[in-house]
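Here's the structure, in structure tokens; my notes come after.
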């Protein structure tokens, strides 16, 4: 559709020039399904242009507060590319981003294909997990917290970077997944703390939602894919400094953001 191609071109131009654009809702009216179709076209173009490939998915709006911003009652997903993945200890340059945030999250990696609409028990049995920090970033002017659902989905749910530690075995039961603790530090000082229950009650619930939503779109989660499952905390604006997220029993992840 010409409208979708126009939106994809605007977003790609923003990526390439590092100049943010106005929210697409000011010019276009899209349904949720149309917005996901735009996202799919955007990812296809980015893979083609950058010789990139799909690495997995990220889940946004896993709290009632962020869902209220977009006037929805469920999360939204974005598509992670290999170029979005960063290993713990690496440095990120702030000037290469737009208006990034900090979101501590548990990262899943699948050890086998999941059934379409997989249940929590299947996900638990086919996953390893890692300590993570997502750095969401959108191509819109003054994007957070002013986005609509269509704005967010079209721009690949503000996908920026996902930083992760090495993968380890997950908790043995689904119940224990709801009680993973987090302490977030910046430049050696604790700045916040949280719990995995903030992610739809349990990060496994978030991945269950993703599996079902992808199935509706004719997609499925496959072996080797990574999943950024949702933030433990309200998003924090990213500033220059050294960030470290510590998850007792899982591990810790660190990233330095420089000007």
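222 nm [θ] for the chain, helices only, -39500 (n - 2.57) per DSSP H run of 4+, per residue, to 500?
-8000 deg cm²/dmol
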Q) Given the stretch 30-104, what whole percent of its Cα pairs are spread farther than 20 Å? A) 47 percent
Q | When the convex hull of its Cα atoms is projected in every direction, mean area for the stretch 24-172 (nm²) | A | 10.0 nm²
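Which of the peptides 247-258, 197-208 is most tightly packed, and how do the rest follow, going by the mean number of other Cβ atoms within 10 Å of each residue? Don't skip to the end; give the middle numbers.
Working: 247-258: 17.8, 197-208: 22.5.
Highest to lowest by the protection proxy: 197-208, 247-258.
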(Q) Using Cα-Cα distances under 8 Å and only pairs 6 or more residues apart, what relative contact order does the stretch 2-258 have, in percent? (A) 27 percent
Q: In nm, give the distance between the simple-model label positions of residue 191 and residue 64, each being 7 Å from the Cα along the Cα-to-Cβ direction.
A: 2.8 nm
Q.
Over 5 Å intervals from 0, what percent of Cα-Cα pairs in the stretch 2-258 sits in each interval?
A. 1, 6, 14, 19, 20, 18, 12, 7, 2, 0, 0
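Every number in this text was worked out from the coordinates using simple rules, so none of it is lab data. Please read all numbers here as calculations on a predicted model, not as lab measurements. Please note: Cβ atoms are built from the backbone with ideal geometry, for glycine as well, and neighbour counts cover all protein chains shown.
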